[in-house]
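The values are calculated or read from the model by the stated rules, or taken from the named source; none is laboratory data. A quick note: this is a predicted structure, and the numbers were derived from the prediction, not measured. Every residue, glycine as well, gets a Cβ built from its backbone with ideal geometry; the counts of neighbours run over all protein chains shown.
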């Protein structure tokens with residue numbers, strides 16, 4: 001490493017460069033982690049049309065169950 005004028009240690013430019021390098025490495029790690037999370041969420045995402053069809057089926061089945069239950073009460 002380069003020394004400053006009086007020979008006591010590294011200059012502030014060296015320290016700043018090392019710090020920036022560390023920040024770039026850590027930022028890259030977190031960016032990769034976020035990208036993998038987004039990728040996994042997009043694979044598990046529910047299709048809107050499938051959702052609405054499932055809700056329609058559930059409502060139909062629920063109405064049929066309620067009608068059967070109400071006929072039993074009569």
Handout entry: Contacts under 6 angstrom Cβ, first residue in region 7-28 being free of Cβ contacts under 8 Å to residues at least 24 places away in the same chain, partner surrounded by 10 or more Cβ atoms within 10 Å (Cβ to Cβ) and not in a helix (DSSP H, G or I), 6 or more apart
Key = 11/4
Problem - Meets criteria (over 31 Å from the mean Cα position of the chain (by Cα) and either in a helix (DSSP H, G or I) or at pLDDT below 90 (or both)) for residue 71 - result: yes
Practice task
Test residue 41 against the criterion of being part of a helix (DSSP H, G or I) and surrounded by fewer than 10 Cβ atoms within 10 Å (Cβ to Cβ), and give yes or no.
Solution key: yes
